[in-house]
Amino acid sequence: MISLQHVTKNYPGSALPALDKISLEIEKGEFVFLVGPSGAGKSTLIKLLFREQLPTKGEIYFYGRNLARLNKKALLNHRRQIGMVFQDFRLLKQKTVFENVAFALEVLGKAPKEIEYKVSEVLDKVGLAGKEKSFPAELSGGEQQRVGVARALVKDPLLLLADEPTGNLDRNTSRQLMELFETINCEGTTMIIATHAWDLVDQMQKRVISLEKGRLVRDEKRGTYGYEF
Amino acid sequence: MKSEGLTAMNFNFLRYCLRQSRDSLKRNFWLALVTSCIIAVSLMIFGGFLLLAVNISQLMQDVQSNVEICVFLYDDADKDWLAEELQRLEGVETIRFVSKEEGLEDFGRTLGDAALVTGLQGENNPLPDAFRVTASAAELVPQLAQAMRRLEGVEMAEYGEELVGELLKLTGWINRLLVGVGLLLALGAVFLIVTTIRLSVMARREEIGIMKYLGASDWFVRFPFLVEGIAMGWLGTIVATAALVAVYGKVAATLQQDAFAFFLRPVTSPEQLLPVFTGLLLLGTCMGGFGSLISLRKFLRV
């Protein structure tokens, strides 16, 4: 599904590459943790997969298509196949829970009836039924992140990318969120999650890809976090 | 099936865009109103210049198409001989003899009140007999007038060369002024629209960023702002047009009645005025749309 071949990413003004000759394969339906110290290149890898940025060298293939060679329409289609979850939730404060999630479908030009049905369904799935009319400020951090997940999920993505999704959550809420991710993964969505939540990584025993200073240093099928805190 | 889906999608898209534009205009109501007013003032001045240019152009056409050589005769001139000589000149199209009595009547009519020339009839009539000659082509007029002046019995042959020259000069100046002032006003108005839309974009910067992450196309992001800009442009244009119609209508009516302006015939035909107002609407729309697009450029790079 995803293939990285000798991918290097340099940022202007930085002596060291953010990613250095990374090659890896990710199969459909996999659950992958990206771990490593801050500045290891996890967020850069996520940005490259979303095609927010292009690699300086090397190639990234998504379902056989080179991401560097997508035209505007293909790029939109690519992004529509991916759900993004952010550490800071990125919810629109002036919109309700329902409107925040519905926004993802409005952007795709879906009909109001379809939007209503799908949003209700996904809010139920993430455990937010009954909170449709609440505004983000009225929700806990965990609930806000669930809205973020619902917004990513509502368009039925093939891949869900999450950059430090538990970074602003307490341990218990983080665990609940990871359980939700596991459920979503069981339904067929491929997951790539950049995280520092060592206990959850150790507990879940999923594939772990470890980056350090832009290099791939470890790739284990059933790995652990591998860094001390 | 595919096209049905596409139409439904476009309809949803349009509905979304219009809702967004409406909400944004509500949110920035006063700013949008001020911008529309400034567009209105700019277009009013620009439209005023346009109307002036249309009228001057009309006046020029009137003058040029009616260029007639007035050949004024001495009292003892041989009119029959002169008529033959004039007819013989190459380029002469028509000749009409206007006796001094007819000339006085014409003058009275031009002034709009025949009573004004009462007392000038008979021996008191200061006007000479004249021939009114038209040429087959306007460019032949100067040399024909020259030839006529040389004929015996001709006191003078005039065709308003100074007036035509002055009008041409004036038209040139007004056109230059129009272009210069019009450009400055349009630029100022576009700058204001850019500022207003930019504030609106800044208020929704986060939303735009999220839209891009959700896979929104550039046009999906752009369109509501474009509609917003165009709406401000339209509002400004409608106010400007209404004000211009009212003021111009009043001025034209006054000029048509005013004895001092007997030589001016203000343009009132819809065929000539419609392009001016359509042009203003188009300009207002373009200014609004253009301003929006400039504001959005850097926010679309995600």
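The values are calculated or read from the model by the stated rules, or taken from the named source; none is laboratory data. These figures come from a predicted structure and were not determined experimentally. Using ideal geometry, Cβ is built from the backbone for each residue, glycine included, and neighbour counts are taken over all protein chains shown. Accessible surface areas use protein heavy atoms only, side chains included; no ligands, DNA or RNA. Shrake-Rupley method; radii C 1.70, N 1.55, O 1.52, S 1.80 Å.
Results for (1) modelled with pLDDT of 90 or more; (2) of a type in the set (A, V, I, L, M, F, W, C); (3) more than 13 Å from A:GLY214 (Cβ to Cβ), shown as yes or no for each residue.
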{"residue": "A:LYS9", "(1), (2), (3)": "yes, no, no"}
{"residue": "A:GLY13", "(1), (2), (3)": "no, no, yes"}
{"residue": "A:LEU24", "(1), (2), (3)": "yes, yes, yes"}
{"residue": "A:SER43", "(1), (2), (3)": "yes, no, no"}
{"residue": "A:GLY58", "(1), (2), (3)": "yes, no, no"}
{"residue": "A:ARG79", "(1), (2), (3)": "yes, no, yes"}
Restricting attention to the range B:161-205, and to residues there that are of a type in the set (D, E, K, R) and surrounded by 14 or more Cβ atoms within 10 Å (Cβ to Cβ), which single residue is farthest from B:ALA240 (Cα to Cα)? B:ARG204
Of everything in the range A:154-183, what is in contact (Cβ under 8 Å) with a residue 60 or more places away in the chain, within 12 Å of chain B (Cβ to nearest Cβ) and among the aliphatic types (A, V, I, L, M)? Give them in sequence order. A:LEU161
Take the range B:86-108 and flag every residue that is part of a strand (DSSP E or B) and not polar (S, T, N, Q). B:VAL92, B:GLU93, B:ILE95, B:ARG96, B:PHE97, B:VAL98
Return the only residue of B:VAL117, B:VAL154 being outside the structural domain of B:LEU50 (by TED's automatic domain parsing), open to solvent by less than 20 Å² (accessible area, probe 1.4 Å), within 23 Å of B:ASP80 (Cβ to Cβ) and in contact with a helix residue (DSSP H, G or I) (Cβ under 7 Å, 6 or more places away or on another chain). B:VAL154
The residue that is farthest from the other protein chains (Cβ to nearest Cβ), considering only those in the range B:207-246 that are in a loop (DSSP other than H, G, I, E, B) and of a type outside the set (A, V, I, L, M), is B:SER217
Test each condition in (1) among the charged types (D, E, K, R); (2) modelled with pLDDT under 85; (3) farther than 30 Å from A:ASP88 by Cβ for B:ASP218 and report the one that comes out false. (3)
Okay, strands (runs of 3 or more DSSP E) sitting entirely in the range A:1-99 with 2 or more residues that are without any contact (Cβ under 8 Å) to a residue 60 or more places away in the chain, I get A:2-9, A:57-62
Single residue of the range A:138-153 satisfying the filter (at pLDDT below 95 and open to solvent by 20 Å² or more (accessible area, probe 1.4 Å)) that is nearest to the other protein chains (Cβ to nearest Cβ): A:GLN144
Suppose we keep only residues that are among the basic types (Lys, Arg), open to solvent by less than 70 Å² (accessible area, probe 1.4 Å) and under 19 Å from B:GLU206 (Cβ atoms) within the range A:70-119. Which one would you say is farthest from the other protein chains (Cβ to nearest Cβ)? A:LYS95
Is there a residue in the range A:200-222 that is of a type in the set (S, T, N, Q) and under 22 Å from A:LEU91 (Cα atoms)? no
